Amino acid sequence: MERLQKVIAYAGVASRRKAEQLILEGKVKVNGKVVTQLGTKVSNSDVIEVNGIKLEKQDKVYYLLYKPRGVISTVSDDKGRKTVVDFFKDVVDERIFPVGRLDYDTSGLILLTNDGEFANLMTHPKFKIEKKYIARLKGIPTIEDLKKLQRGIELEDGKTAPAKVSMTTVDRKANKAICEITIHEGRNRQVRRMFEAIGTPVVKLKREKFAFLDLTGLNPGEFRELTKHEVKRLRVLAETGRID
Ligand code: URA
């Protein structure tokens, strides 16, 4: 069961706020009856009409995209930049949206779906889904700096949760390094801000893993559908913290 305004919003008919307004204005029917109560719970078998038009029932779909750099993680962009959804135009009919975000300049693994409840499971920090990044750095962090990141570091929006961090490449001549970092939070520009805080800014960032998923077999700009089994494993992981 889901809240009516959420179902209307996820169907792509209106924003959550607009959906609430439509409900309050008496423009929404559930199984033929006008409903004006915000927060009314509906199930998949309920017939919902907005302004006399039935909400289409879409199958739930789940995709994994290798996002290239220079692409924005939204459904549309008022500045006309390429979005992650543009890769699916003419191929996928469902109204999909990205699960969380990657910065414009970050490449790597991002999921897209039309399943709002699944997206919430994957992004809510309490479900602790791990994301692994490869960060190319300007400068070389000290062991003590890396320990700070491992323990959690104070940023302007609070202390980060403990992270797994390892330095895989050091180039002393060129004064640069590569680190792998795994976090389960998803704050805005978090990895970049973490490395900035220890004085070794990120010059290139790629998300290599999301939970147990990786980019095997994909080039930048390519995507594949998740298998039913993968979707199930992701749900179980979020709900129980275990993979199998
Ligand atoms: N952390 C960042 O700084 N950027 C991303 O795109 C993802 C995580």
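The values are calculated or read from the model by the stated rules, or taken from the named source; none is laboratory data. Nothing here was measured: the structure is a model prediction, and the numbers come from that model. Every residue, glycine as well, gets a Cβ built from its backbone with ideal geometry; the counts of neighbours run over all protein chains shown. The accessibility values were calculated without ligands, DNA or RNA, using every heavy atom of the protein model including side chains. Shrake-Rupley method; radii C 1.70, N 1.55, O 1.52, S 1.80 Å.
Here are the numbers for the structure shown:
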read-out: Selection within segment 27-39 - farther than 17 Å from Lys54 by Cβ and open to solvent by less than 90 Å² (accessible area, probe 1.4 Å); value: Thr36, Leu38, Gly39
read-out: Filter result (more than 15 Å from the chain's Cα centre (by Cα) and either of a type in the set (Lys, Arg) or within 14 Å of the ligand (Cβ to nearest atom) (or both)) within segment 58-67; value: Lys60
read-out: Test result for Arg224, within 13 Å of the ligand (Cβ to nearest atom), touching a residue at least 60 places away in the same chain (Cβ under 8 Å) and closer than 29 Å to Phe88 by Cβ; value: no
read-out: Ile134 vs. criteria touching a Lys or Arg at 6+ places or on another chain (Cβ under 6 Å), within 14 Å of the ligand (Cβ to nearest atom), closer than 28 Å to Thr216 by Cα and open to solvent by 20 Å² or more (accessible area, probe 1.4 Å); value: yes
read-out: Residue under evaluation Asp115, criteria (1) closer than 25 Å to Glu239 by Cβ; (2) touching a residue at least 24 places away in the same chain (Cβ under 8 Å); (3) not assigned by TED's automatic domain parsing to the domain that holds Thr83, criterion not met; value: (3)
read-out: Some residue of segment 193-204 being basic (Lys, Arg), within 12 Å of the ligand (Cβ to nearest atom) and farther than 23 Å from Thr83 by Cβ; value: yes
read-out: Selected residue (criterion: nearest to the ligand (Cβ to nearest atom)) from residues of segment 107-130 that are out of contact with any helix residue (DSSP H, G or I) (no Cβ under 8 Å at 6 or more places or on another chain) and among the polar types (S, T, N, Q); value: Ser107
read-out: Selection status of Glu180, over 15 Å from Lys206 (Cβ atoms), modelled with pLDDT of 95 or more and under 26 Å from the mean Cα position of the chain (by Cα); value: no
read-out: Residue match in segment 85-100 (condition: of a type in the set (A, V, I, L, M), under 29 Å from Ala11 (Cβ atoms), at pLDDT 95 or above and more than 13 Å from the ligand (Cβ to nearest atom)); value: yes
read-out: Candidates Lys60, Lys79 - the one that is open to solvent by 30 Å² or more (accessible area, probe 1.4 Å), out of contact with any Asp or Glu (no Cβ under 7 Å at 6 or more places or on another chain) and part of a loop (DSSP other than H, G, I, E, B); value: Lys79
read-out: Subset of segment 117-145 [part of a helix (DSSP H, G or I) and within 26 Å of the chain's Cα centre (by Cα)]; value: Glu117, Phe118, Ala119, Asn120, Leu121, Met122, Thr123, Pro125, Lys126, Phe127
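Residue-wise test of (1) closer than 29 Å to Ile134 by Cβ; (2) of a type in the set (Lys, Arg); (3) in contact (Cβ under 8 Å) with a residue 12 or more places away in the chain; (4) out of contact with any strand residue (DSSP E or B) (no Cβ under 6 Å at 6 or more places or on another chain).
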position	(1), (2), (3), (4)
Val50	no, no, yes, no
Lys67	yes, yes, yes, no
Asp90	no, no, no, yes
Ser107	yes, no, yes, no
